[in-house]
Amino acid sequence: MKNLVFLISFSFFATTLIAENSDPLEKISIFGKVIDNETKLPLEYATIVVKSLEGEIVTGGITDNNGSFDILISRGTYNISVEFISFKTYTFRNKEITKTTDLGVISLEIDAQALDEVEIIAEKSTVEIRLDKKIYNVGKDMTVKGGTASDVLDNVPSVSVDVEGNVSLRGNENVRILVNGKPSGLVGLSGTDALRQLPADAIEKVEVITSPSARYDAEGTAGILNIILRKGKALGFNGTFTLSAGNPDNLGVSTNLNYRTKKVNFFTNLGYSYRNSPGNSFSKVTYFDDFGNTLNYRNEEIEYKRENKGLNTRFGLEYFLTDKSSLTGSVLYRKSNGDDLATNSITELGVTKNLLIASSRLESESEDDKTIEYNLNFTKDFNTSGHKLTLDLQYGKSNEDNFTYITDKDTFPSLIENAPERNITDESDTGFQFKGDYTLPLGETAQFELGFNIVMDKLNSDYLVEEFENNQYINNTNFSNTLEFEQNIYAFYSQYGKKINKFSYLLGLRSETTDRRINLIQTNEVYNKKFTELFPTVNLGLELNDTESFTLGYSRRLRRPRHWFLNPFESRTSETYVRKGNVNLDPTYTNSFDLGYLKRWEKLTFNSSIYFQHAINNIEFIQIDELRLVDNVETLVIVRSPVNLSQQDRYGFEFTANYNPFKWWKLTNSFNFFESITDGEYDNINYDIKNVSWFTRLDSRITLPGGIDWQTKAMYMAPSEGAQSKRKAIISVDLAFSKDILNEKGTLSLRVSDLLNSRKRKSTSYSPTTISEGEFQWRQRQIMLNFTYRLNQKKQRQRQGGNYNGGDEEMFKA
C-alpha cells in the first residue's frame, strides 16, 4: 500500500515538474492520426510529406502503430499530403502553420483503380532505427527463410546467439524475451529449445529495447527482446504459403492467412517442420594433484543425432466493437517430439599418454513438449488522439515429458557392460497474467501513463532416476527429486512524459513485489522469499535538427533466477561432469545507463550508443572438484553450480550503420564492443576477472541482373574470458539467393547457413585441479531451398527512404 501511495504521489509531482516553454524561434509541431475510412482502423507506416508551395520537399514522416504522427517544422505555408499504398492521397493545400497544429483524424479512402496494380514504394527497411529501440523486420531477410526464431535473433543488431542457443544482448545473456509484449509459452520451459522450434516465418519483427521505460517488466538486466508475431491486417482474404527443404534433413511447411471485413479480422499462422540436426563435441581434461603435477587425462568425443518434429499454430479473431474499440482473442498451440541420440566415446590416459581405460556411453533421449496459451485483449481509443486504454488477459500451460535411456560399456582393458539407467522427467508449468495500461494526453505535448501487471507462475518438476538391478529398475533416491516452484509478481507503474520544443523527457517508477516459494518434496524442505523493490526509469531526448538527435536513458532492473538455477539436484548427462542449482540464489540488481546518438545523411544512417551497467549479487557458475566413486573407481568429478558470486561493471560501445551506395546495393554493419570487470570470492578462491570482447555483423544485399537478389551475412565474435573459462573467436558466413517467379506471386530462394562450417565454440575451463579444453558444434552447415507463394498480395518493392525525421517514435513513448 505504501508503494502505491508513493507511485500516485510521484505521478502528480511529475505532471507539474516542468512548465511549458515556447520559443517563437524554434520549430513547432504538427500532429494527427491517419485511419482507414472503411474500417476506422489506424494505418501504420502511412507517409506524411510536407512540401513548400514551390513543390520542394521540406520534411515528412510516417505514422506509428497507432496511426499517429508528430513532425517538427518551421512556421510557414505548406502543401501537406498524406499517402498510403492503395489509398487515395489526402492533401492540405496552402496550409498556414503559425503554431502547434492538430490536423485531426485523417480518413483515407481506398483507391479501387490502384488495387490491381499495387506496387509498394515505401517498404520498411530491414532494420528500422527508432530513438528508443531498433526494429528488425524478418520478412526482408533471406538468410532466415526456413529457419527458426534462434536464426532470426542471431541476425538482430546488438544480439548474438551462441552455439548452444543462449541469447545475449550486448554480450549479456540476461535478456528478457517477450512475445507480443508479454511473457509467453512460446519461450517454453526450456527457452533455447522452444526458440529453435518456432518457425521464422511466424515472426513479423523483433524489437530491441535497451533502455526500457517503466511500462515494461523490470526483469532482464541487459534489456528486452520483443518478438512480434504476424497478424495480417489487409482487407479481404490474403496470405502466404511457404515450403522448405534442406540438407541435413530439414523439411517444413508454413502459412500465414488473414481475412478482414469492416467488423472482424481473422488471422492465423501454421507451421510444421521435421529437422535432423547432427552435431558433435569433444573435451580433453587434464587432472593435477595439489602440487600441480599431472595425474592423468580424460578425453570424451560425442556425436549427436537429433530428430525433431514440430507443430506451431496460432489463430485469432479481432472484432471491432465500435470505431474506437476492439476485442481480440487468440489461441496458441505448440507441440514437438524429439528423439536424440548421443554417443560418447571415452578414453582415460596415464601420465605418459598410455591408454588406461576405454569406454562408451550411449544416451538415447525422447522428449514430448506441448504448450497451449489463450490471450484476450481489449483496446479502447478515446476521442483525443493518444488517449487509450488496453487490458490483456493470458493463460497458458506447458508440459515437457522426457525419457532418457543410458548405457555404459567398458571396451578396454576388458569388455564390461554396466547396468543400464533410465531417467524420466515430467515438468508442467501453468502461467496467468493480467495487465492494464492507461495513457492520458495532457495538452498537445505531454502524456501520463498508469498501469499494472500481475503474473502468477506455478511449476512442478518430477525427476526420476532408475538403475537396473536384479532384473528390475530401482529408484536411485540419491538423484530422484521433485521440485515445486511458485512465483507470483505484482507490479504497478506510472510515468509522465513531455516535449518542450526539441527536448523531451519520460520519467517513470515501477514497483514489483515478488513472492517465491520452493518445495523440495523428497527432503521436505521449504524455501520461501518475498521482497518488494522500486525501479525508477529516466529517458531524455534532444533533437538537434531533422537528421541528428541524442538520447539518454537510465533504468534499474533485476535478474530473477529461473527454476533450473534453483533446483539443487544434479544432472546425469555425464558421470564426471555434473550441474546442479542453488536454492538460496538471490536476484541480481543492475543500474543501467545508455547514451545514444543518431545521425542521418542522404545514403547513410548511423546509430550509436555508449552504455554502462553496474550489477550486484551477480550470478556466476563456479566449478569445484570432488572425489567420487564412478563404476567403483575413485574419480575426480567436476561440479558446476550458480552462486551470487560478485559485483560486475560492464562498459560498452555499439553502432549500427545502414549505407546505400547504389540503388542495387545495400550494406548494414553492426558492431558491439564491451568490457566487464568482475570482483568476487567464493570458498577462499578469488574469481576476479576482466574480460574484453566484441562482435560485429556485416550484411550485404545486391540485386543482380535478371532480378536475382544476393544476400551475404558474416559475423565475427572475438575471444572472451570468464571467471574460470576462456572462449576462442567464432566466425560464420551465410549466403542466400532469391528470384521472383509466377508473375511475382512466388519467390524461390536458396540459402546456405554456416558456409564455412565454422560455427563452433572452442573453450578452455579451469579449476584448482583440472584444465578442460573443449569444442562444441550444435548444427553442421545447412543448405535450404524455399518457395513462397503469395495469395492476393503483391511483391513489395524497395525504395530508398527520404531524409525524414518523422520516422522515429516520439521520444517520450516507450
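The values are calculated or read from the model by the stated rules, or taken from the named source; none is laboratory data. If you're wondering where the values come from, they're calculated on a predicted model, not measured in any experiment. Here the Cβ is made from the backbone with ideal geometry for all residues, glycine too, and neighbour counts use every protein chain on show.
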Selection count, segment 305-323, where residues are surrounded by 17 or more Cβ atoms within 10 Å (Cβ to Cβ) and touching a residue at least 40 places away in the same chain (Cβ under 8 Å): 8
Residue within segment 733-745 that is surrounded by 20 or more Cβ atoms within 10 Å (Cβ to Cβ), in contact with a Leu (Cβ under 9 Å, 6 or more places away or on another chain) and farther than 16 Å from Asp154 by Cα present: no
Index of the failed condition, Ser414 passing every other in (1) without any contact (Cβ under 8 Å) to a residue 24 or more places away in the chain; (2) assigned to a strand (DSSP E or B): (2)
Residue count for segment 51-82, restricted to those that are modelled with pLDDT under 85, farther than 16 Å from Lys27 by Cα, crowded, with 16+ Cβ neighbours inside 10 Å and in contact with a strand residue (DSSP E or B) (Cβ under 6 Å, 6 or more places away or on another chain): 4
Verdict on Phe492 being at pLDDT 95 or above, crowded, with 19+ Cβ neighbours inside 10 Å and at negative phi: yes
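The rows are residues; the columns are (1) assigned by TED's automatic domain parsing to the domain that holds Glu449; (2) exposed (fewer than 14 other Cβ atoms within 10 Å of the Cβ); (3) under 28 Å from the mean Cα position of the chain (by Cα); (4) modelled with pLDDT of 90 or more.
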{"position": "Glu512", "(1), (2), (3), (4)": "yes, no, yes, yes"}
{"position": "Asp515", "(1), (2), (3), (4)": "yes, no, yes, yes"}
{"position": "Asn519", "(1), (2), (3), (4)": "yes, no, no, yes"}
{"position": "Thr523", "(1), (2), (3), (4)": "yes, yes, no, no"}
{"position": "Asn528", "(1), (2), (3), (4)": "yes, yes, no, yes"}
{"position": "Thr532", "(1), (2), (3), (4)": "yes, yes, yes, yes"}
{"position": "Asn545", "(1), (2), (3), (4)": "yes, yes, no, no"}
{"position": "Leu552", "(1), (2), (3), (4)": "yes, no, yes, yes"}
Evaluation of Ser326 against (1) in contact (Cβ under 8 Å) with a residue 40 or more places away in the chain; (2) surrounded by fewer than 18 Cβ atoms within 10 Å (Cβ to Cβ) (one fails), failing number: (2)
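Could you count how many residues in segment 348-381 are more than 30 Å from Lys284 (Cα to Cα) and under 27 Å from the mean Cα position of the chain (by Cα)?
Here is the first cut: in segment 348-381, the residues more than 30 Å from Lys284 (Cα to Cα) are 368-381.
Checking which are under 27 Å from the mean Cα position of the chain (by Cα) leaves us with 368-379.
Result for segment 348-381: 12.
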Long-range neighbours under 8 Å by Cβ, at least six apart or interchain, first residue under 15 Å from Leu356 (Cα atoms) within segment 617-641, second among the charged types (D, E, K, R) and part of a strand (DSSP E or B): Asp631/Asp408; Asp631/Asp410; Glu634/Arg628; Thr635/Arg628
Output for segment 336-347, where each listed residue is buried (at least 17 other Cβ atoms within 10 Å of the Cβ) and either under 18 Å from Thr268 (Cα atoms) or of a type outside the set (Ser, Thr, Tyr) (or both): Gly338, Asp340, Ala342, Asn344, Ile346
Count of segment 381-404 residues which are among the aromatic types (Phe, Trp, Tyr) and either surrounded by fewer than 14 Cβ atoms within 10 Å (Cβ to Cβ) or not assigned by TED's automatic domain parsing to the domain that holds Glu444 (or both): 0
Spans of strands (runs of 3 or more DSSP E) in segment 270-364 with at least 2 residues over 21 Å from Val637 (Cβ atoms) and touching an Asp or Glu at 6+ places or on another chain (Cβ under 7 Å): 294-322, 325-349
Every residue from segment 420-469 that is of a type in the set (Asp, Glu) and under 30 Å from Gly32 (Cα atoms): Asp437, Glu444, Glu449
Conditions (1) modelled with pLDDT of 60 or more; (2) crowded, with 20+ Cβ neighbours inside 10 Å; (3) of a type outside the set (A, V, I, L, M); number of the one not met by Asn166: (2)
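For (1) assigned by TED's automatic domain parsing to the domain that holds Gln613; (2) under 30 Å from Leu750 (Cβ atoms); (3) surrounded by fewer than 16 Cβ atoms within 10 Å (Cβ to Cβ), each residue gets a yes or a no:
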residue: Ala214; (1), (2), (3): yes, no, no
residue: Asn265; (1), (2), (3): yes, no, no
residue: Tyr274; (1), (2), (3): yes, yes, yes
residue: Thr294; (1), (2), (3): yes, no, yes
residue: Ile302; (1), (2), (3): yes, no, no
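In the same structural domain as Asp457 (by TED's automatic domain parsing) and either within 22 Å of Tyr589 (Cβ to Cβ) or out of contact with any Phe, Trp or Tyr (no Cβ under 8 Å at 6 or more places or on another chain) (or both): is that true of Lys498 in this structure? Give the derivation first.
On the way: in the same structural domain as Asp457 (by TED's automatic domain parsing): yes; either within 22 Å of Tyr589 (Cβ to Cβ) or out of contact with any Phe, Trp or Tyr (no Cβ under 8 Å at 6 or more places or on another chain) (or both): no.
Against the criterion (in the same structural domain as Asp457 (by TED's automatic domain parsing) and either within 22 Å of Tyr589 (Cβ to Cβ) or out of contact with any Phe, Trp or Tyr (no Cβ under 8 Å at 6 or more places or on another chain) (or both)), Lys498 does not qualify.
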Evaluation of Glu486 against (1) buried (at least 17 other Cβ atoms within 10 Å of the Cβ); (2) in contact (Cβ under 8 Å) with a residue 40 or more places away in the chain (one fails), failing number: (2)
Which listed residue, of Asn269, Asn276, Asn296, is closer than 30 Å to Lys40 by Cα and polar (S, T, N, Q): Asn269
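For segment 183-231, what are the residues that are among the aliphatic types (A, V, I, L, M) and modelled with pLDDT under 70? Talk me through it step by step, then tell me what you get.
To start, the set of residues in segment 183-231 that are among the aliphatic types (A, V, I, L, M) comprises 186-187, 189, 194-195, 198, 200, 202-203, 206, 208-209, 214, 218, 222, 224-225, 227-229.
Passing the criteria: Leu186, Val187, Leu189, Ala194.
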Residue count, segment 441-468 (criterion: of a type in the set (A, V, I, L, M) and surrounded by fewer than 16 Cβ atoms within 10 Å (Cβ to Cβ)): 2
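So that you can scan it fast, the table gives a plain yes or no per residue for (1) modelled with pLDDT under 90; (2) closer than 24 Å to Arg230 by Cα; (3) among the hydrophobic types (A, V, I, L, M, F, W, C):
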position: Ser244; (1), (2), (3): no, yes, no
position: Val253; (1), (2), (3): no, yes, yes
position: Asn258; (1), (2), (3): yes, yes, no
position: Lys262; (1), (2), (3): yes, yes, no
position: Asn280; (1), (2), (3): no, no, no
Among (1) more than 23 Å from the chain's Cα centre (by Cα); (2) among the β-branched types (Val, Ile, Thr); (3) assigned to a strand (DSSP E or B), the one test that Thr384 misses: (3)
